[in-house]
Amino acid sequence: RSIKFPVLITAQLGLRWWLRGHIPLSNGYETMLFMAWVLLVLTIVLFRKFRFFLWIGPLAACCCLLVAMMTGSGSQITPLIPVLQSPLLSVHVMTVMCAYALFALQMMLGIYALYCSLFTIHYSLERVTALSQLLLYPAIFLLTIGIFLGAVWANVSWGNYWSWDPKESWALITLMIYAIPLHKASIGAFNKPRFYHIYMISAFLTVLITYFG
């Protein structure tokens, strides 16, 4: 039964791609749909080793679908304006949304870790912390590549790589906020699981500001 959820989203993305003639990542509805798909694929990959993923991933995906439904105006299939027809834009958005999906999982893992800490489930807490720290590396890598591709697309489309608009500025802030825990060797507080997870939950606010603000 659980496999029907990602299959239906895959089918919807595939149909929109076929009907529009390009990757469906041009508005808020489609990006949230894609992010939900990424979260479900990660759930399928990881849940056998980490059983708690069986509810963390789908719950995060449901939140994305709820946002997609709230921004339902983007569900209409309309032609793209010329500046948005660049393949670079599609790859840029796809890369950034994959990073956001990983950050969302880290936020959910942080909530679960605090639950484990509250009820002294030490074994689960250790596994959750290790998994969250592992996901941090590909998330930062994808966001860095996404920002770089976005700058290249901006230069092709608008004539400059960086204009310090709110979207660009907050994407850079998000990258710097999430890069701080990588320096746990010099910032000892990140070696404490509770502090690390509270930080990761709080850091997700920068993702929300970047996407919605």
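Worth pointing out:
- When the residues of region 155-171 are filtered to those that are in contact (Cβ under 8 Å) with a residue 12 or more places away in the chain and within 15 Å of Phe212 (Cα to Cα), the one that is nearest to the chain's Cα centre (by Cα) is Ala171.
- Any helices (runs of 4 or more DSSP H) falling wholly within region 96-213 and containing at least 2 residues that are buried (at least 21 other Cβ atoms within 10 Å of the Cβ) and out of contact with any Ser or Thr (no Cβ under 8 Å at 6 or more places or on another chain): 122-158
- Single residue of Leu89, Leu114 found to be of a type in the set (A, V, I, L, M, F, W, C), modelled with pLDDT under 90 and within 26 Å of Ala151 (Cβ to Cβ): Leu89
- Test: Leu19 is in contact (Cβ under 8 Å) with a residue 40 or more places away in the chain and assigned to a helix (DSSP H, G or I): yes
The values are calculated or read from the model by the stated rules, or taken from the named source; none is laboratory data. Here the structure is a predicted model, which is why all the values come from computation and not from measurement. Positions of Cβ are backbone-derived with ideal geometry, glycine not excepted, and every protein chain shown enters the neighbour counts.
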